[in-house]
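The values are calculated or read from the model by the stated rules, or taken from the named source; none is laboratory data. A quick note: this is a predicted structure, and the numbers were derived from the prediction, not measured. With ideal geometry, Cβ positions are generated from the backbone for all residues, glycine too; neighbour counts draw on all protein chains shown. Please note that ligands, DNA and RNA were not included when accessible areas were found on the heavy atoms of the full protein model with its side chains. Shrake-Rupley method; radii C 1.70, N 1.55, O 1.52, S 1.80 Å.
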Amino acid sequence: MAPDLDARFERLYGYLNDDLTRRRPTVGLALELCGLAAAAPARFRLAPGAPLVEGGLVEVTEPERPPLSRVLTVPDRVTAHLLGDTRPDARLTGLLGEVHEDPAAEAARARRVAAAARAGAFYLVHLRNLGGDAAGLAVTALRAAGLRALALDAAALARRPCDVPHLARVAALEARLTGAGVVVGPLEALPADPAERTRALGALCAALRGIPLLTHGTTGWDPAWAADTPVTVTVPAPSPERQAERWRHALERAAAAATPWFAPRPTPRPEAPRRSPGLSPRTGWTPGSCAAPPTWRPARPPWRAARWAPTTCGPPCGPRTARDSTGSPAGSNRPSAGTTWCSRRPPTGGCANSRCAPATASRCSGSGGCGPAAAGGAV
């Protein structure tokens, strides 16, 4: 696996193979580097069916070449595991199920299943479910034996019947790398055809031989499914007390894993009302105008504030062609915030609005307007 860690080893293997196009070690080169002769018995450790090859730890490619010229490679999952990656093999995507321990499982039955999974030469246990939680009991037994649980969904395997032998070898490699036992079930979810079910279970048992394999289902074990005879354990229905305890643990687990979509959200603080530039924050009218507004109105954008702000002594007079202090048309959509309309022309030249205070009435122009716009000749 050196070329997978450092690309410079590819050039080195090319020199050792006397062929720069062959950048991987061969069987003959591996024996030579180990100080063994080409005819040594160690060469058979890399032959097809050998434990290293059958277990998936080493792959021998290019079978059309002579045995000593075949290339040795290490699977990517093995390299990732040695580098500390804990994610399962990507080829098992969609096949791994999530199974939890059974908190209400009887301790004696769990110890019996754990002892059966660790004893014997085949490590094959079948849990016949009669109303209990067989999958949870299998996980509990594996944890009691000091093993992790690798759960394979039988329904997902049934959808890929042609790939079961290959997937079984991948699952066996994952179980060997992580030190786990395999849980398969329910068996009734496998293909209903007896021949297909026998073929699938036979491939699973053959690939997982030597690894604790726990199957579960509502039916008994058929001897035609595999050459090995499993240890059969019956899983009865739990008592009402154990069922209540199981429900309590299930609800606690669901509450811990629930998304916080129902959590109360903080109430947003109300934003302060916006006001136009040049207007009073309390009334929205320009200080120094002829009279205060009669009622409170909500704030509006600055370009509309001069259209409704009550900053005049009376209604506008004449056509809306007045100019404000900035030189913009007073009737335009964007007048200045300080624009003030004039009142109706009084007959005597004074302010037409009797509500004007003396201080502001003295500021009325001869045209009858009040405020800065009238003083600037607004009409």
Original post:
For segment 67-90, list residues with backbone N below 12 Å from a point placed 7 Å from the Cα of residue 19 toward its Cβ?
Top reply: 67-72
**OP:** State log₁₀ I(q)/I(0) for segment 1-154 at q = 0.10, 0.15, 0.21 Å⁻¹ as given by the Debye formula over alpha-carbon point scatterers of equal weight, solvent excluded.
**Re:** -0.58, -0.90, -1.31
Subject >> Gain upon complete extension [residue 37, residue 54; 0.36 nm per residue less C-alpha separation] >> reply: 3.8 nm
Original post:
Each residue of segment 222-233 in order: what ³J(HN,Hα) in whole Hz does its phi give by Karplus 6.51 cos²θ - 1.76 cosθ + 1.60, θ = phi - 60°, with x for Gly and Pro?
Top reply: 9, x, 6, 6, 7, 6, 8, 9, x, 8, 9, 10
**OP:** Kindly state, to the nearest 0.05, the FRET efficiency for residue 163 paired with residue 44, given R0 = 30 Å and r defined as their beta-carbon distance.
**Re:** 0.50
Original post:
Using r as the Cβ-Cβ distance of residue 62 and residue 108, and R0 as 51 Å, what FRET efficiency do you calculate, to the nearest 0.05?
Top reply: 0.40
Original post:
Could the peptides 35-41, 200-206, 73-79 be put in order, highest first, of the mean number of other beta-carbon atoms found within 10 Å of their residues?
Top reply: 200-206, 73-79, 35-41
**OP:** Could you compute the FRET efficiency for residue 222 and residue 96, with r as their C-beta to C-beta distance and R0 at 22 Å, rounded to 0.05?
**Re:** 0.30
**OP:** Can you work out the PRE-style zone for residue 244? Point 7 Å along Cα to Cβ, and I want the residues of segment 77-116 with backbone N under 15 Å.
**Re:** 104
Subject >> Average accessible surface area per residue within segment 194-257, 1.4 Å rolling probe, Å² >> reply: 55
**OP:** Evaluate the Kirkwood expression for the hydrodynamic radius of segment 1-87, namely the inverse of the mean inverse distance over all pairs of different C-alpha atoms, and round to one decimal in Å.
**Re:** 13.7
**OP:** Enter the Cα centre distance for the pair segment 212-232 and segment 130-164, rounded to the nearest angstrom.
**Re:** 13
Original post:
If amide H atoms are built 1.01 Å from N in the plane of the peptide, which residues on other chains or at least 5 residues away come under 5 Å of the amide H of residue 234?
Top reply: 128
Original post:
What ³J(HN,Hα) values, in whole Hz, does the Karplus curve 6.51 cos²θ - 1.76 cosθ + 1.60 give for segment 23-37 when θ = phi - 60°, with x put for Gly and Pro?
Top reply: 9, 10, x, 10, 4, x, 5, 5, 5, 5, 5, 7, x, 10, 6
Original post:
Regarding segment 75-128, what is the average projected area of its C-alpha convex hull, in nm²?
Top reply: 6.2
